[in-house]
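Once you've had a glance at the structure underneath, I'll fire off some questions.
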Amino acid sequence: MGEPNHVVTPGEARTLAGLFRERVKRSPDAVAYKQYDQATSEWVSRTWQEVSEQVARWQAALQKEDLSPGDRVAVMLRNCQEWVIFDQACLGLGLITVPLYTDDRPDNIAYILKDAGAKLLLLGGRQQWKRLQEVRERLDTVNRIVTVQAVDPGEFPEDTRLKSLDEWAPEGDHELITRDVDPNSLATVVYTSGTTGRSKGVMLTHQNILQNAYAAQQCAPMGGEDLFLSFLPLSHTLERTGGCYMPMMVGAQVAFARSVQGLAEDLMNLRPTVLISVPRIYGRITSGLEEKSGFARFLFHTTVSVGWHRFEHEQGRVGWHPKLLLWPLLKKIVAGKVTERLGGRLRYAVCGGAPLPPPIARFFIGLGLPVFHGFGMTEASPVVAVNRPDDNVPASVGCALPGVEVSIGKDEELLVRGPSVMQGYWNNEEATADTIDKDGWLHSGDKARIDEQGHIFIIGRIKEILVLGNGEKVPPADMEMAITLDPIFEQAMVLGEGKPYLAALVVLGPDEWKKLAEELEVDPDSSEDLYSRKVEKALLERAGKQLTEFHGYAQVRRLTPTLEPWDVDNGLLTPTMKLKRALILERYSKQIEAMYEAHSKR
């Protein structure tokens, strides 16, 4: 796939804008991006040259703003060509991009824009601008707000900063600008949650990201014949490095998926060769593929079993077995039909952000779909380790990337060092010193072991951090403390490890519960009323008010109350008054299952 000399090296690129310019120069007429056009209901392609012309057009608009190299500019869009065009237009002018999640809470968006000192904000359109109305007065560092879709000025209070893209960006021919900036200067500040409520800005340089993308593409051959399906948000560093800059580096195409709901159809229509995602999405795909009827189910499980043995045999871990003779037939009547539903061309399905459950890995690999589990951190640009086609141990997160050092420190903590480790946290020297030691080791917070072949196995976390199914990390203890600031909540336990969203178990104070019951006109002595959706909704609202200081994805969506206190006597608290999480999870397993049951049936 693709000639090695077709890859743009970090030395040739120097900066992320230099990478783009070099790709345009080498492949001007090759398709760069595919995007779905709602108006025509068709997929529309753009070549690298056409994208370059748009980048130059946007740069002409940016130059009319009061911006200097080093200034921060923010983007809050769903994955689309405009995201990449804006990013490249800014990088070429020496500006620093700050990506925002489209579904983040307005309060957190306002905090990030203020903390970063962002001077310009790019939005999608009406819906996003409507959501930001409640914090509009707090966006005082922002001098210009641009919307990709026009917003009706009559619907909102007038804001002279607001312009639609069409009126902001001038038509006509413009020259692409690639300023000569220091390769070790900041390219982006990416906000990620830590062990405290407020997000921290991870400072990544041009070379941090270029070195990471270059090392990652060395792990598996890729080139111009590849098509990446861009699905994870581009505000997620895994998607940005792996699904934006790496394809640019190797000359591959990128198609922007429409939605979670349309993923199955997009896989069929676009037939990607590379998919980078998180366990939750792979879990969603598997739930729609497994056969239901008796014999078909038996045949399906036989295929997975034989396919898994075939994989282990090819990896040199088990011997040959006569059942492998069945594989050509099983592939034709079972596995092949499944892989066709995923487009039939998938060569690399990369999974990161959170642990990949072994049954999901076995399912995909058994059907002949190449799944590669990896590990990363935003602070490492982000990929630290990944499995390779010729060395795939799915229970591990693979071996470290070329040029990346890993070590096991105190408390079995995984330490990382190398050219892709961040400069530090924006405006937060204390947090930086806590995360990167004097020898340059980045402290991951994850417990790990490394085998003799260099495979890394993540075995737990130093601090109690929940990793959601989409890879986002949240600090449960800090959230629990915040929730219990409301007097109705005497105790709280936040959960969601590997789940699609956060839920909570809460112990209610009897007096405050009676007051709420009276307000809601329910019987305080009725367990049926206590567990009603009406009460849950009211409690969720109160808990939510205590969590406004936390990141947008750190919100509790389901909640189960109880009037039984957790104490030392019933074994749910330690003598030092800490929650015995494992025992509480066991005691309330049915209630927890019910909080996630509705989602799993979707």
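The values are calculated or read from the model by the stated rules, or taken from the named source; none is laboratory data. Predicted model, so just to flag it, every value in this text is computed and none were measured. Virtual Cβ from ideal backbone geometry, glycine too; neighbours counted across all protein chains shown.
Output the number of the condition that Asn470 fails; it satisfies all remaining conditions of (1) surrounded by fewer than 19 Cβ atoms within 10 Å (Cβ to Cβ); (2) out of contact with any Asp or Glu (no Cβ under 8 Å at 6 or more places or on another chain).
(1)
I need the full set of residues from region 547-559 which are closer than 20 Å to Leu579 by Cα and surrounded by fewer than 19 Cβ atoms within 10 Å (Cβ to Cβ), in order please.
none
Another question, then. Let me spell it out: the conditions are (1) touching a residue at least 40 places away in the same chain (Cβ under 8 Å); (2) out of contact with any strand residue (DSSP E or B) (no Cβ under 9 Å at 6 or more places or on another chain), and Ile85 meets all of them except one. Which number is the exception?
Result: Ile85 fails condition (1) only.
Right, another one. Exactly one condition in (1) within 22 Å of the chain's Cα centre (by Cα); (2) within 27 Å of Gln207 (Cα to Cα); (3) not small (Gly, Ala, Ser) is false for Leu93; which is it?
(1)
Could you please find all residues in region 7-44 being touching a strand residue (DSSP E or B) at 6+ places or on another chain (Cβ under 7 Å) and either among the polar types (S, T, N, Q) or outside any loop (DSSP other than H, G, I, E, B) (or both)?
As a first pass, look at region 7-44 and keep what is touching a strand residue (DSSP E or B) at 6+ places or on another chain (Cβ under 7 Å): 16, 28-37, 43-44.
Hits for region 7-44 are Leu16, Val31, Ala32, Tyr33, Lys34, Gln35, Tyr36, Asp37, Trp43, Val44.
Consider only pairs whose beta carbons are under 9 Å apart and that are at least six residues apart or on different chains; among these, list those whose first residue lies in region 453-464 and is over 17 Å from Gln315 (Cα atoms) and small (Gly, Ala, Ser) and whose second residue is surrounded by fewer than 16 Cβ atoms within 10 Å (Cβ to Cβ) and at pLDDT 75 or above.
So the pair list comes out as Gly460/Glu412.
Let me ask you something else. Suppose we filter region 134-155 for residues that are closer than 21 Å to Trp168 by Cα and in a helix (DSSP H, G or I); how many remain?
4
Cβ contacts < 7 Å: first residue farther than 16 Å from Asp87 by Cβ, restricted to region 1-24; second residue of a type in the set (Phe, Trp, Tyr) and at pLDDT 95 or above, any location; separation 6+ or different chain. Result?
Thr9/Tyr214; Pro10/Tyr214
In addition: Output yes when any residue across region 402-413 is hydroxyl-bearing (Ser, Thr, Tyr) and surrounded by 22 or more Cβ atoms within 10 Å (Cβ to Cβ), and no when none is. Write out each step before concluding.
If we filter region 402-413 for residues that are hydroxyl-bearing (Ser, Thr, Tyr), which is where we start, we get 407.
From what is left, the residues that are surrounded by 22 or more Cβ atoms within 10 Å (Cβ to Cβ) are none.
For region 402-413, residues hydroxyl-bearing (Ser, Thr, Tyr) and surrounded by 22 or more Cβ atoms within 10 Å (Cβ to Cβ): absent.
Cβ contacts < 7 Å: first residue modelled with pLDDT of 95 or more, restricted to region 51-63; second residue among the β-branched types (Val, Ile, Thr) and surrounded by fewer than 20 Cβ atoms within 10 Å (Cβ to Cβ), any location; separation 6+ or different chain. Result?
Every condition considered, the pairs that remain are Gln59/Ile177.
Is there a residue in region 233-246 that is assigned to a helix (DSSP H, G or I), of a type in the set (A, V, I, L, M), under 30 Å from Leu263 (Cα atoms) and in the same structural domain as Cys80 (by TED's automatic domain parsing)?
The first filter runs over region 233-246 and keeps only residues assigned to a helix (DSSP H, G or I), leaving 237-246.
Applying the additional criterion that residues be of a type in the set (A, V, I, L, M) yields 238, 246.
Cutting the leftovers down to under 30 Å from Leu263 (Cα atoms) gives us 238, 246.
If we keep only those that are in the same structural domain as Cys80 (by TED's automatic domain parsing) too, we end up with 238, 246.
Scanning region 233-246, I find at least one residue that is assigned to a helix (DSSP H, G or I), of a type in the set (A, V, I, L, M), under 30 Å from Leu263 (Cα atoms) and in the same structural domain as Cys80 (by TED's automatic domain parsing), so the answer is yes.
If you don't mind, another one. Which one is nearest to Arg461 (Cα to Cα) among residues in region 345-387 that are part of a strand (DSSP E or B), of a type in the set (A, V, I, L, M, F, W, C) and under 14 Å from the mean Cα position of the chain (by Cα)?
Quick first cut of region 345-387, residues part of a strand (DSSP E or B) only: 348-351, 371-376, 383-386.
Right, trim to of a type in the set (A, V, I, L, M, F, W, C) and you get 349-351, 371-372, 375, 383-386.
Narrowing the set further to residues that are under 14 Å from the mean Cα position of the chain (by Cα) leaves 350-351, 375, 383.
Values: Val350: 22, Cys351: 19, Phe375: 14, Val383: 18 Å.
Step by step, filter region 345-387, then rank; the result is Phe375.
So is Val7 surrounded by fewer than 18 Cβ atoms within 10 Å (Cβ to Cβ) and under 29 Å from the mean Cα position of the chain (by Cα) or not? So that I can check it myself, show each step before the final result.
Details: surrounded by fewer than 18 Cβ atoms within 10 Å (Cβ to Cβ): no; under 29 Å from the mean Cα position of the chain (by Cα): yes.
Judged against the criteria, Val7 is not a match.
A quick yes/no check of all residues on (1) among the β-branched types (Val, Ile, Thr); (2) in the same structural domain as Glu541 (by TED's automatic domain parsing); (3) in contact with a Pro (Cβ under 8 Å, 6 or more places away or on another chain); (4) within 21 Å of Asp411 (Cα to Cα):
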position	(1), (2), (3), (4)
Ala448	no, no, no, yes
Glu480	no, yes, no, no
Ile483	yes, yes, no, no
Val494	yes, yes, yes, no
Glu497	no, yes, no, no
Leu502	no, yes, no, no
Val507	yes, yes, yes, no
Lys515	no, yes, no, no
Glu521	no, yes, no, no
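Sticking with this one: Could you list all residues from region 451-477 that are of a type in the set (A, V, I, L, M) and either at positive phi or in a loop (DSSP other than H, G, I, E, B) (or both)?
At the first step, the residues of region 451-477 found to be of a type in the set (A, V, I, L, M) are 456, 458-459, 462, 465-468, 474, 477.
Across region 451-477, the qualifying residues are Ile462, Ile465, Leu468.
To continue, here is another question. Tell me which residues, restricted to region 96-139, are surrounded by 18 or more Cβ atoms within 10 Å (Cβ to Cβ), charged (D, E, K, R) and under 27 Å from Ala17 (Cβ atoms).
Asp104, Asp115, Lys119
Against the definition (out of contact with any His (no Cβ under 8 Å at 6 or more places or on another chain), of a type in the set (Val, Ile, Thr) and over 25 Å from Leu356 (Cα atoms)), how does Val494 come out, yes or no? So that I can check it myself, show each step before the final result.
Values: out of contact with any His (no Cβ under 8 Å at 6 or more places or on another chain): yes; of a type in the set (Val, Ile, Thr): yes; over 25 Å from Leu356 (Cα atoms): no.
Answer is no for this residue.
Taking Ala220 as meeting all but one of (1) within 28 Å of the chain's Cα centre (by Cα); (2) buried (at least 21 other Cβ atoms within 10 Å of the Cβ), write down the number of the exception.
(2)
Would you confirm whether any residue within region 47-70 is among the hydroxyl-bearing types (Ser, Thr, Tyr), more than 26 Å from the chain's Cα centre (by Cα), assigned to a helix (DSSP H, G or I) and in the same structural domain as Lys200 (by TED's automatic domain parsing)?
Of region 47-70, the ones among the hydroxyl-bearing types (Ser, Thr, Tyr) are 47, 52, 68.
Checking which are more than 26 Å from the chain's Cα centre (by Cα) leaves us with 47, 52, 68.
So of that shortlist, the ones also assigned to a helix (DSSP H, G or I) come out as 52.
Within this subset, residues satisfying the condition of being in the same structural domain as Lys200 (by TED's automatic domain parsing) are 52.
Checking region 47-70: at least one residue is among the hydroxyl-bearing types (Ser, Thr, Tyr), more than 26 Å from the chain's Cα centre (by Cα), assigned to a helix (DSSP H, G or I) and in the same structural domain as Lys200 (by TED's automatic domain parsing).
Here's another thing I want to ask about it. Do you know which residues across region 40-63 are touching a His at 6+ places or on another chain (Cβ under 7 Å) and closer than 16 Å to Asp166 by Cβ?
Arg57, Ala60, listed by residue number.
Follow-up. Given the structure, is Asn208 polar (S, T, N, Q), in a helix (DSSP H, G or I) and crowded, with 21+ Cβ neighbours inside 10 Å?
Values: polar (S, T, N, Q): yes; in a helix (DSSP H, G or I): yes; crowded, with 21+ Cβ neighbours inside 10 Å: yes.
It is true that Asn208 is polar (S, T, N, Q), in a helix (DSSP H, G or I) and crowded, with 21+ Cβ neighbours inside 10 Å.
Mind checking which helices (runs of 4 or more DSSP H) fall wholly inside region 488-602 and carry at least 3 residues that are within 27 Å of Ser199 (Cα to Cα)? Steps first, please.
Working: elements: 510-520, 527-530, 533-546, 581-587, 589-600.
It comes to 533-546.
Every residue in region 138-155 that is more than 25 Å from Asp115 (Cβ to Cβ) and of a type in the set (A, V, I, L, M, F, W, C), please. Spell out how you get there, then give the answer.
Keep residues of region 138-155 that are more than 25 Å from Asp115 (Cβ to Cβ), which gives 149-155.
Listed by number, the residues that qualify are Ala150, Val151.
Within region 572-588, is even one residue under 15 Å from Tyr531 (Cα atoms), at pLDDT 85 or above and either among the acidic types (Asp, Glu) or surrounded by 12 or more Cβ atoms within 10 Å (Cβ to Cβ) (or both)?
Yes, region 572-588 contains at least one residue that is under 15 Å from Tyr531 (Cα atoms), at pLDDT 85 or above and either among the acidic types (Asp, Glu) or surrounded by 12 or more Cβ atoms within 10 Å (Cβ to Cβ) (or both).
Something else now. I'd like to verify a number: residues in region 83-103 that are farther than 14 Å from Pro233 by Cβ and part of a helix (DSSP H, G or I), how many?
Looking only at that region, the number is 7.
I want to confirm something. Restricting to region 156-202 and keeping residues that are crowded, with 20+ Cβ neighbours inside 10 Å, among the hydroxyl-bearing types (Ser, Thr, Tyr) and not in a strand (DSSP E or B), which single residue is farthest from the chain's Cα centre (by Cα)?
Filtering first and then ranking leaves Thr178.
Something else now. Please work out which residue is surrounded by the fewest Cβ atoms within 10 Å (Cβ to Cβ), limiting yourself to region 424-439 and to residues that are among the polar types (S, T, N, Q) and part of a loop (DSSP other than H, G, I, E, B). Even if it seems obvious, please write down each step before you answer.
Going residue by residue through region 424-439, those that are among the polar types (S, T, N, Q) are 427-428, 432, 435.
Next, only the ones that are part of a loop (DSSP other than H, G, I, E, B) stay: 427-428.
Numbers: Asn427: 14, Asn428: 18.
Among residues in region 424-439 that are among the polar types (S, T, N, Q) and part of a loop (DSSP other than H, G, I, E, B), the one surrounded by the fewest Cβ atoms within 10 Å (Cβ to Cβ) is Asn427.
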